[in-house]
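A.B. asks: Take a look at this one; I'll ask things after.
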Amino acid sequence: MNNIQHHVGGVPYGEIARSGAVFNPATGEQTATVAFASAADVAHVVKVAAAAQGAWQKMGLVKRAGVFFRMRQLLIEHTDQIAAAITAEHGKVLSDAAGEISRGIENVEFAAGLVNLLKGEYSTGVATGVDVHTLKQPIGVVACITPFNFPAMVPLWMSASALATGNAVILKPSEKDPTTAMILARLWEEAGVPPGVFNVVHGDKEAVDALLDSPGIGAVSFVGSTPIARGIYSRAAANGKRVQALGGAKNHMIVMPDADLDSAADAAVNAAYGSAGERCMAISVLVAVGDATADAVVAKIRERAESLTIGAGTDPDSQMGPLITREHRDKVASYIANAPSQGAEVVLDGRSAEFDSDGFFLGVSLVDRVTPQMSVYTDEIFGPVLAVVRVDDYDQAVDLINANSFANGTAIFTRDGATARRFTEDIEVGMVGINVPLPVPIGAYSFGGWKDSLFGDSHIYGPESIHFYTRSKVVTTRWPDPSESQLDLGFPSNH
Ligand code: NAD
């Protein structure tokens, strides 16, 4: 069995004193053991990263940009290998795994523009002989703590911009699918990132707490569930660190009576059941405006969902793979078990699907007549379960969404431009789609939710990430004229 160690200073590091088991969700078999870092391991990696960071910061910007062009090429060339590693530990189908890599490549492409992104500002002649300019300097060592559901994309969201701005990175990937992080480490170094500038430590709460408490870490980027994100934000901020902690989601999709119901049903099936619903932007609530809309769209979703092929992610015929763990699969199933007693109507019951495997499979579920009090609505289920809430009009739909504590993504399906435009202004959610069910911004924009979906001030990747991973400095310059007296005890004035 494979033993996965940490990657520190360009080499494998650490003894496996404490460890976790890694499974193939499609077979249910353990495939690897991953080391869990102790506080002493974390102290070591912080020291190594800090020692390597200075030279990386000083590398000329044009030369540094070259690293990102090479990384882009390496990611393209290694897409099949990375996708295979993702599917083997996460379970998602290979095409979906390749899709997340292509989104991560967008972040590397954005970072390759670092010469432009790191430009400062300059004002000449603010007073006689006085000029002012700004510098953007790296934070130093940055910790990136990532979830299981995008083992390539989320580390690339963070590391591309953190490295481009001259920081050293310590990535703590999910212990459930740690292999992809090891491939990324090798590729960053092959692209030209010096040893020690991109490191990987594996582990659980012990490793994360040591990162949050380390005085050598200047900033923390976290993506994961809301309860953990909230705790990460409090602890890192209390320790004086810059922190962005992206949390969970409950993403609603409104279907207006005038929508193209066939494309709305296609979109709902793709966005609810793709990657087995284990996406932070997955649509988990469909808000149907009017009973006629609800009846029609539920029938269309049911028809499409019943024809889905569920199986191992390595099978090219599979459209949906297993869930990440047995425990998670059973927890998702429990929401379906509890839905009827709370008054909901289970239209499709994923528990009835049969699989010829010990993998963590579950069929897709569709639950109609859900109300905001039911657990299938209140909780982030993170599985292939779509809840349908029926409302009377647009205002009720918007009020429902705005009352939810999660506010990551949302979408509206309509043919009416005025309704769509009004929605973009009324809705209190970070990412909005108009006839787009998964409005994940391209790499040139930043990604992030509102309310309990993000703790901190800064969204992730794109322009906001350049701000997040740098500190600015303002320099005021004067070359005095030796013929003029410089003696003046008053407060410096530019007038
Ligand atoms: P998780 O919160 O369980 O774990 C995320 C990271 O935190 C992992 O590296 C894990 O090892 C670590 N961790 C877990 N428990 C911890 C603890 N008690 N103390 C410190 N660290 C801890 O999340 P997950 O199950 O890996 O991922 C799924 C969640 O991530 C979902 O809630 C999903 O919505 C969310 N997510 C959000 C976004 C976003 O952009 N908002 C993107 C992807 C995933």
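The values are calculated or read from the model by the stated rules, or taken from the named source; none is laboratory data. These figures come from a predicted structure and were not determined experimentally. Here the Cβ is made from the backbone with ideal geometry for all residues, glycine too, and neighbour counts use every protein chain on show. For the accessible areas, the whole protein counts, side chains as well, though only heavy atoms, and no ligand, DNA or RNA atoms are used. Shrake-Rupley method; radii C 1.70, N 1.55, O 1.52, S 1.80 Å.
A.B. asks: Where in region 173-282 are there helices (runs of 4 or more DSSP H), lying wholly inside it, with at least 1 residues that are in contact with a Pro (Cβ under 6 Å, 6 or more places away or on another chain)?
C.D. replies: Once the helices (runs of 4 or more DSSP H) in region 173-282 are filtered for at least 1 residues that are in contact with a Pro (Cβ under 6 Å, 6 or more places away or on another chain), what remains is 179-191, 261-273.
A.B. asks: A further question follows. Identify all residues within region 181-201 that are small (Gly, Ala, Ser), open to solvent by less than 20 Å² (accessible area, probe 1.4 Å) and under 25 Å from Val62 (Cα atoms); write none if there are none.
C.D. replies: Within region 181-201, Ala185, Ala191, Gly196 meet the criteria.
A.B. asks: If you don't mind, another one. Give me the strands (runs of 3 or more DSSP E) completely within region 1-93, filtered to those with at least 3 residues that are at negative phi and surrounded by 14 or more Cβ atoms within 10 Å (Cβ to Cβ), ordered by residue number.
C.D. replies: Counting at least 3 such residues, we get 6-8, 18-24, 29-36.
A.B. asks: Does Ala397 satisfy the condition of being under 25 Å from Lys250 (Cα atoms), in the same structural domain as Ile301 (by TED's automatic domain parsing), open to solvent by 70 Å² or more (accessible area, probe 1.4 Å) and among the hydrophobic types (A, V, I, L, M, F, W, C)?
C.D. replies: Working: under 25 Å from Lys250 (Cα atoms): yes; in the same structural domain as Ile301 (by TED's automatic domain parsing): yes; open to solvent by 70 Å² or more (accessible area, probe 1.4 Å): no; among the hydrophobic types (A, V, I, L, M, F, W, C): yes.
Answer is no for this residue.
A.B. asks: For the subset of region 413-448 comprising residues that are more than 22 Å from the chain's Cα centre (by Cα) and among the hydrophobic types (A, V, I, L, M, F, W, C), which member is surrounded by the fewest Cβ atoms within 10 Å (Cβ to Cβ)?
C.D. replies: In this case the residue turns out to be Ala418.
A.B. asks: Can you name every residue in region 225-244 that is within 16 Å of the ligand (Cβ to nearest atom), among the small types (Gly, Ala, Ser) and either outside the structural domain of Ala162 (by TED's automatic domain parsing) or open to solvent by 20 Å² or more (accessible area, probe 1.4 Å) (or both)?
C.D. replies: Matches in region 225-244: Ser225, Gly231, Ser234, Ala237, Ala238.
A.B. asks: I'd like the full set of residues that are open to solvent by 100 Å² or more (accessible area, probe 1.4 Å) and charged (D, E, K, R), limited to region 463-483.
C.D. replies: Hits for region 463-483 are Arg471, Arg478.
Yes/no matrix, rows are residues, columns are (1) open to solvent by less than 20 Å² (accessible area, probe 1.4 Å); (2) charged (D, E, K, R); (3) more than 11 Å from the ligand (Cβ to nearest atom):
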{"position": "Ser214", "(1), (2), (3)": "yes, no, yes"}
{"position": "Gly218", "(1), (2), (3)": "no, no, yes"}
{"position": "Ser221", "(1), (2), (3)": "yes, no, no"}
{"position": "Ala249", "(1), (2), (3)": "yes, no, no"}
{"position": "Ser263", "(1), (2), (3)": "no, no, yes"}
{"position": "Ser275", "(1), (2), (3)": "yes, no, no"}
{"position": "Val287", "(1), (2), (3)": "yes, no, yes"}
{"position": "Ala299", "(1), (2), (3)": "no, no, yes"}
{"position": "Glu303", "(1), (2), (3)": "no, yes, yes"}
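A.B. asks: Limited to region 450-462, what total is found for residues that are open to solvent by less than 70 Å² (accessible area, probe 1.4 Å), on the phi < 0 side of the Ramachandran plot and not in a loop (DSSP other than H, G, I, E, B)?
C.D. replies: Total meeting the criteria: 3.
A.B. asks: Looking only at residues that are among the polar types (S, T, N, Q) and touching a residue at least 40 places away in the same chain (Cβ under 8 Å) in region 6-42, which one is farthest from Thr87 (Cα to Cα)?
C.D. replies: The qualifying residue farthest from Thr87 (Cα to Cα) is Ser38.
A.B. asks: Could you tell me whether any residue of region 277-298 is without any contact (Cβ under 8 Å) to a residue 12 or more places away in the chain and either in contact with a strand residue (DSSP E or B) (Cβ under 9 Å, 6 or more places away or on another chain) or in the same structural domain as Arg390 (by TED's automatic domain parsing) (or both)?
C.D. replies: Going through region 277-298, the residues without any contact (Cβ under 8 Å) to a residue 12 or more places away in the chain turn out to be 295.
Imposing the further condition that a residue be either in contact with a strand residue (DSSP E or B) (Cβ under 9 Å, 6 or more places away or on another chain) or in the same structural domain as Arg390 (by TED's automatic domain parsing) (or both) reduces the set to 295.
For region 277-298, residues without any contact (Cβ under 8 Å) to a residue 12 or more places away in the chain and either in contact with a strand residue (DSSP E or B) (Cβ under 9 Å, 6 or more places away or on another chain) or in the same structural domain as Arg390 (by TED's automatic domain parsing) (or both): present.
A.B. asks: Would you be able to say whether some residue in region 168-178 is open to solvent by 10 Å² or more (accessible area, probe 1.4 Å) and hydrophobic (A, V, I, L, M, F, W, C)?
C.D. replies: no
A.B. asks: So is Asp204 surrounded by fewer than 21 Cβ atoms within 10 Å (Cβ to Cβ), touching a strand residue (DSSP E or B) at 6+ places or on another chain (Cβ under 7 Å), within 19 Å of Phe36 (Cβ to Cβ) and at pLDDT 95 or above or not?
C.D. replies: When the stated conditions are applied, Asp204 passes them.
A.B. asks: Hey, another quick one. Given (1) within 16 Å of the ligand (Cβ to nearest atom); (2) buried (at least 17 other Cβ atoms within 10 Å of the Cβ), identify the lone condition not met by Ser405.
C.D. replies: Failed condition: (2).
A.B. asks: Can you find a residue that is touching a strand residue (DSSP E or B) at 6+ places or on another chain (Cβ under 8 Å), buried (at least 22 other Cβ atoms within 10 Å of the Cβ) and touching a residue at least 12 places away in the same chain (Cβ under 8 Å) anywhere in region 130-137?
C.D. replies: Checked region 130-137: no residue is touching a strand residue (DSSP E or B) at 6+ places or on another chain (Cβ under 8 Å), buried (at least 22 other Cβ atoms within 10 Å of the Cβ) and touching a residue at least 12 places away in the same chain (Cβ under 8 Å).
A.B. asks: Next question, about the same structure. Just to be sure before I move on: is Asp291 out of contact with any helix residue (DSSP H, G or I) (no Cβ under 7 Å at 6 or more places or on another chain), more than 16 Å from the ligand (Cβ to nearest atom) and either open to solvent by less than 10 Å² (accessible area, probe 1.4 Å) or at negative phi (or both) in the structure I sent?
C.D. replies: Yes; evaluated as a whole, the condition is true for this residue.
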